[in-house]
Amino acid sequence: MKNIRAIGAVCLCFLLVVSLTAAHAAGKAKPAPNTGPNPYETAIEKVRGDIWKAINSGKCGSASAAITVDGKTVYAEGFGMADREKSVPVDASTLFNIGSVSKVYVAAAVMLLADDGRIDLDKPASYYLPQFRMADSRYRAITVRMLLNHTSGLPGTEYANAFGFKYNDKVKQDTIETLTRSHLKHAPGAMAVYCNDGFTLAEMIVERMSGMTYLDFLNRRIFKPLGLKNTGVSVGGIRGKPVAAYYDPTTGKKHPPEALSVLGAGGLSSTAVELCRFADAFAAENRLLKKASLAEMKKAQPSAFAGKLRQPELSFGLGWDLTGLARYDAAGIKVLGKSGGTGNYSSMVYTAPDRKISVAVIATGPQSGAMLIALDLLDAVLVGKKMIPKEEKGVTAPPAAALIPQEDVQFGGYYGSQGGLAQIVFAADRKSVAVFSFEGQEKKPVVALAYSGGFYHDGKGNDFYFASIGPETYFVQSNPTLKVDAIAMQKVNPLAKPQNLRIGMDGKVWLRRNVAPFESVAATDSHLEMSHLYKDLPGYVAFRGVKRIDSPEYAAMPFDAVRDQTELFIFERNGAMWAWTSDMLYSPADSAAAALKPGETSVKIGDEGYSEWLLAAEDLIMNYTKPKQGRVIVFNANDTVAYDSAIDSGEAYAARGSYIEVAGAADDLVTINARQAVVVRKKP
């Protein structure tokens, strides 16, 4: 029931490896005064062209870009409209959510407390946060450092009610409760797999060890010392400042201002200028951190897995996505970089701290291409300042296909990624490989690969290979230009003694119950789920990702290298079998959804605040009355959202078989008035 994202939706850093395309631009440039040739002119023209290309393609709604050199802003410009209804353009002071760029701020906060002698990076996280416990005893070995360099082994991300239209402080406690029943996907320190929850724990450690709220600590120790007057909570919590609104590119609908409650993991907003100013703080000692802490934040933080692929992986630092790239390393230029993506925004900041150069691009639209636009901008700045030679990108013929080695055929089978389940099938004549994704049990082709020179090629410049390391097999993307590799998918291992869950799971519809009415529009794809079994994968179940069935009541994470996995817990409640998938609570549709018929229907939210569900018994047109904070969502039979009161108004049409979700606070009452719809159906 989900549109499974295939190979490209693997991890945030992996998006940097893939050959993405995107662009932005417009506003008023502010080049540095210069009596001679402007060394930034080519860079400015490049970023303008890239940004406008992204805007014109629909991938980006609006954007902002900036360059700072030697602590001064030499260029800042806004592109597109911040508010279309009022014709307010984006300028250099317009605020955007910066998503995971926020991770560098919490890492810096931890290092400030290390400078104060209050935190030791290599002490267990549970030493500083006693309430942090897990069902897996190995959690005791997770250090503060591992929270900040993605090597903790934590499952991934507390998504439930963490992304929405208002700040939800309860998310921190929810994260602790979810982790209490969770296991690790790999031993602490064994691998570096992108993980948001580690940074939420780091945020909590900062609060406990400083005795301040996290935001107060940032204001006192980072924002004010660096003069960051336009950096703070997500745009959903901003009042009285210009904010870049997000408009759905397919419908043009304006979304409510987005708020992320996980401040340490991704909940801050800023401007491109202030992103650069913050990045500039890593250029010199005592601007923010002492010498030892500054050096620690600028160096790579490898896991035990480092060196096991053909090329290095992206070099995670403390909060940073990368602490170097081959092209700049060869020129003796240290580069740090961090990307950010939310439901509505994307961002990227790069800094060459030893050269005192920083660039940033932030945009509305999760697929804006901000990462590569910012990388092109940095490259153009360094070329313009004659610090690196211009890279000539010639056209080369695609490699001639060769016969696939017989020993590679063993790599065929099912694979898992953050995007879901895939299958790799080798042609009988060994001349090609097909990659399929699954929508439920329907298999769809994604890409055909040809073999040459030890790699599999997709015809678009992307190279892949298979790597068997210990008992695991990985499908790896290799980028010869950036000289980095990234695990794209991991093979599903067959089970010697497959088990079954205590209830039938194949084709079962599940309705999510722990939905806050302010949760993000982008999160509605988690509200209606269908679980599946696959005859070729006995002992596994697909329900918010692939899971290995370990007992009649429990299915585990089967992968060590896939981000944002969840575990499945089956339990009985009020005579029905309910399910936890880590942070999200579901009940079966056949026991949860009452029939909605013509007339008036009252729906009351219970004491626990769980969503209530209805099922349209016939084609209906409905209107409703609800409290201000309440929400009504209509899902078509194919699980797409037909109506959402967060962005829609007026009457709603619910076709026969549609599910209607009612969300609100405890004791909220929503009244639905439905009448039969006259629908003209075409004869087959």
Across region 463-476, which residue is farthest from the chain's Cα centre (by Cα) among those that are assigned to a strand (DSSP E or B) and either closer than 15 Å to residue 433 by Cα or small (Gly, Ala, Ser) (or both)? 468
For a quick check of your reading of the model, give me the residue pairs whose first member lies in region 581-604 and is under 21 Å from residue 627 (Cα atoms), whose second is open to solvent by less than 10 Å² (accessible area, probe 1.4 Å) and assigned to a loop (DSSP other than H, G, I, E, B), with beta-carbon atoms closer than 8 Å and at least 6 apart or on different chains. none
Could you please give the count of residues in region 326-348 that are buried (at least 19 other Cβ atoms within 10 Å of the Cβ) and modelled with pLDDT under 95? 0
Search region 87-108 for residues being open to solvent by less than 10 Å² (accessible area, probe 1.4 Å) and either touching a Cys at 6+ places or on another chain (Cβ under 7 Å) or in a strand (DSSP E or B) (or both), and hand back the single one that is nearest to residue 280 (Cα to Cα). 98
Do any residues in region 451-478 that are free of Cβ contacts under 8 Å to residues at least 24 places away in the same chain and open to solvent by 20 Å² or more (accessible area, probe 1.4 Å) have Cβ atoms under 6 Å from those of residues that are among the small types (Gly, Ala, Ser) and in a strand (DSSP E or B), where the two are at least six apart or on different chains, and which pairs are they? 463/478
For residue 303, only one of the following conditions fails: (1) hydroxyl-bearing (Ser, Thr, Tyr); (2) closer than 30 Å to residue 476 by Cβ; (3) open to solvent by 40 Å² or more (accessible area, probe 1.4 Å). What is its number? (3)
The residue that is nearest to the chain's Cα centre (by Cα), considering only those in region 349-374 that are farther than 14 Å from residue 282 by Cβ and surrounded by fewer than 24 Cβ atoms within 10 Å (Cβ to Cβ), is 366
Of all strands (runs of 3 or more DSSP E) fully inside region 557-611, the set with 2 or more residues that are open to solvent by 10 Å² or more (accessible area, probe 1.4 Å) and in contact with a strand residue (DSSP E or B) (Cβ under 9 Å, 6 or more places away or on another chain) is 568-573, 576-581, 593-596, 599-604
Taking region 264-292 on its own, how many of its residues are of a type outside the set (S, T, N, Q) and in contact with a strand residue (DSSP E or B) (Cβ under 7 Å, 6 or more places away or on another chain)? 11
Starting from residues that are out of contact with any strand residue (DSSP E or B) (no Cβ under 7 Å at 6 or more places or on another chain) and open to solvent by 50 Å² or more (accessible area, probe 1.4 Å), keep the ones in region 612-640 and report whichever is nearest to residue 655 (Cα to Cα). 637
For region 641-656, how many residues meet the condition of being open to solvent by less than 60 Å² (accessible area, probe 1.4 Å) and either part of a loop (DSSP other than H, G, I, E, B) or at pLDDT below 95 (or both)? 6
Please enumerate the residues belonging to region 253-293 that are of a type in the set (Lys, Arg) and surrounded by 21 or more Cβ atoms within 10 Å (Cβ to Cβ). 277
Please specify each residue of region 68-86 satisfying the condition of being within 16 Å of residue 363 (Cβ to Cβ) and buried (at least 16 other Cβ atoms within 10 Å of the Cβ). 76, 77, 78, 79, 80, 81, 82, 83
Region 229-242, residues that are surrounded by 22 or more Cβ atoms within 10 Å (Cβ to Cβ) and either of a type in the set (A, V, I, L, M, F, W, C) or modelled with pLDDT under 95 (or both): 235
Tell me yes or no: at least one residue of region 405-418 is under 30 Å from residue 350 (Cα atoms) and either open to solvent by 30 Å² or more (accessible area, probe 1.4 Å) or acidic (Asp, Glu) (or both). yes
Looking at 528, 533 in this structure, which one is open to solvent by less than 10 Å² (accessible area, probe 1.4 Å) and either touching a Lys or Arg at 6+ places or on another chain (Cβ under 6 Å) or closer than 30 Å to residue 413 by Cβ (or both)? 528
Pairing a residue in region 424-450 that is farther than 25 Å from residue 533 by Cβ with any residue that is modelled with pLDDT of 95 or more and open to solvent by 60 Å² or more (accessible area, probe 1.4 Å), where Cβ atoms lie under 6 Å and the two sit 6 or more apart in sequence or on different chains, gives 430/403; 432/448
How many of the residues in region 310-326 are touching a Ser or Thr at 6+ places or on another chain (Cβ under 8 Å) and not hydroxyl-bearing (Ser, Thr, Tyr)? 7
So, first residue farther than 20 Å from residue 424 by Cβ and free of Cβ contacts under 8 Å to residues at least 24 places away in the same chain in region 527-548, second residue open to solvent by 50 Å² or more (accessible area, probe 1.4 Å) and outside any loop (DSSP other than H, G, I, E, B), Cβ within less than 8 Å, six or more apart or across chains; the pairs are none
Take region 310-322 and flag every residue that is on the phi < 0 side of the Ramachandran plot and open to solvent by less than 10 Å² (accessible area, probe 1.4 Å). 317, 318, 320, 321, 322
If you scan region 488-521, which residues turn out to be open to solvent by less than 20 Å² (accessible area, probe 1.4 Å), hydrophobic (A, V, I, L, M, F, W, C) and either assigned to a strand (DSSP E or B) or under 30 Å from residue 164 (Cβ atoms) (or both)? 488, 489, 505, 510, 511, 515, 516
Anything in region 137-192 that is outside any helix (DSSP H, G or I), among the aliphatic types (A, V, I, L, M) and in contact with a helix residue (DSSP H, G or I) (Cβ under 8 Å, 6 or more places away or on another chain)? List them, or say none. 142, 154, 160, 162, 184, 187
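Determine whether region 578-592 contains at least one residue that is farther than 30 Å from residue 506 by Cα and at pLDDT 95 or above.
no
The values are calculated or read from the model by the stated rules, or taken from the named source; none is laboratory data. These numbers come from a predicted model, not from an experiment. Note that each Cβ is placed from the backbone with ideal geometry, even for glycine, and that neighbours are counted across all protein chains shown. Please note that ligands, DNA and RNA were not included when accessible areas were found on the heavy atoms of the full protein model with its side chains. Shrake-Rupley method; radii C 1.70, N 1.55, O 1.52, S 1.80 Å.
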